[in-house]
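Q: Sharing a structure here in C-alpha cells format.
The values are calculated or read from the model by the stated rules, or taken from the named source; none is laboratory data. Computed from a predicted structure; not experimentally measured. Counting neighbours? That spans all protein chains shown, and the Cβs are built from the backbone with ideal geometry, glycine included.
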Amino acid sequence: MGKWRYIVGVLGLAVIAAGVLVYSNNEKQQLQLDTSVGAALYAASCASCHGANLQGEPDWQTTKPDGFLPAPPHDENGHTWHHADRILLDYIKLGGAAALAKSGVENFQSGMPAFEGVLSSDEIDALLDYIKSSWPENIRTVQQDRTKLDEEINP
C-alpha cells in the first residue's frame, strides 16, 4: 500500500509541475503577444509624433513658437515612467489637455490627441505594456511603485 501512495504522490507532483510550467509559458506568451500588439498599435498611432524608437522629438522640453511642447520620448530618457498608470491611461484616452485639466492643470496646450473611441481599453493597455517593455528593470520598478502608491491614494 505504501508503494502505491508513493507512486500516486509522485504522479500528483508531476501533474502540478506540468501545470505550473504550462501556466508560466502561457503568461510569457501572453506578455509577448501583448507587446507585439502594443508595438503594432504604437507604430500606427504614436510613432509619427513620438518616434519609431520611442525617442520623441528633439528638444522635447522646449516650448515651440506655437506654445506647444514637442512630443516627449517614451523610452527611459523621457518622463513617461515618472507617472502612475492612471495618469498615463488618462493621457492616452482623453488627450493631453483634457487629462491635465482632470488633474487640475488648466489652459495647458498639448498636441496629444485623445484615443478614447479610437482604441479600445485593451488596445490602450497593450500599447502601454509595449512602452513599459522598453524600460530597464529599475525604471519599471520605480513606475510600478508610483502606480501602487497612486492606487492607494486614489482608490
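Q: How about segment 31-61: which of its residues are in contact (Cβ under 8 Å) with a residue 24 or more places away in the chain and either crowded, with 19+ Cβ neighbours inside 10 Å or of a type outside the set (Gly, Ala, Ser) (or both)?
A: Matches in segment 31-61: Leu31, Asp34, Thr35, Val37, Gly38, Leu41, Tyr42, Cys46, Cys49, His50, Leu54.
Q: Report yes if some residue within segment 62-69 is crowded, with 17+ Cβ neighbours inside 10 Å and either in contact (Cβ under 8 Å) with a residue 12 or more places away in the chain or part of a loop (DSSP other than H, G, I, E, B) (or both); otherwise report no.
A: yes
Residues checked against (1) within 16 Å of the chain's Cα centre (by Cα); (2) of a type in the set (A, V, I, L, M, F, W, C); (3) within 23 Å of Ala43 (Cα to Cα):
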{"position": "Pro65", "(1), (2), (3)": "no, no, no"}
{"position": "Leu69", "(1), (2), (3)": "no, yes, yes"}
{"position": "Ser103", "(1), (2), (3)": "no, no, no"}
{"position": "Phe115", "(1), (2), (3)": "yes, yes, yes"}
{"position": "Ser120", "(1), (2), (3)": "yes, no, yes"}
{"position": "Ser133", "(1), (2), (3)": "yes, no, yes"}
{"position": "Arg140", "(1), (2), (3)": "yes, no, yes"}
{"position": "Arg146", "(1), (2), (3)": "yes, no, no"}
{"position": "Ile153", "(1), (2), (3)": "no, yes, no"}
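Q: Only residues in segment 77-106 that are surrounded by 19 or more Cβ atoms within 10 Å (Cβ to Cβ) count as the first member; pair them with residues that are outside any loop (DSSP other than H, G, I, E, B) and of a type in the set (Ser, Thr, Tyr), Cβ under 7 angstrom, at least 6 apart or cross-chain, and list the lot.
A: Ala84/Thr147; Leu88/Thr80; Ala99/Tyr91
Q: Residue by residue through segment 136-149, note down the ones that are surrounded by 15 or more Cβ atoms within 10 Å (Cβ to Cβ) and either β-branched (Val, Ile, Thr) or touching a Phe, Trp or Tyr at 6+ places or on another chain (Cβ under 6 Å) (or both).
A: Ile139, Gln143, Thr147
Q: Quick check on segment 51-71. Is at least one of its residues at pLDDT below 95 and basic (Lys, Arg)?
A: Within segment 51-71 (the criterion being at pLDDT below 95 and basic (Lys, Arg)), the answer is yes, since at least one residue qualifies.
Q: Let me ask you something else. Name every residue in segment 70-92 that is in contact with a His (Cβ under 9 Å, 6 or more places away or on another chain), hydrophobic (A, V, I, L, M, F, W, C) and in a loop (DSSP other than H, G, I, E, B), in order of residue number.
A: Within segment 70-92, Ala71 is the sole residue that qualifies.
Q: Report yes if Glu152 is within 21 Å of Ser36 (Cβ to Cβ), surrounded by fewer than 16 Cβ atoms within 10 Å (Cβ to Cβ) and not basic (Lys, Arg), otherwise no.
A: no
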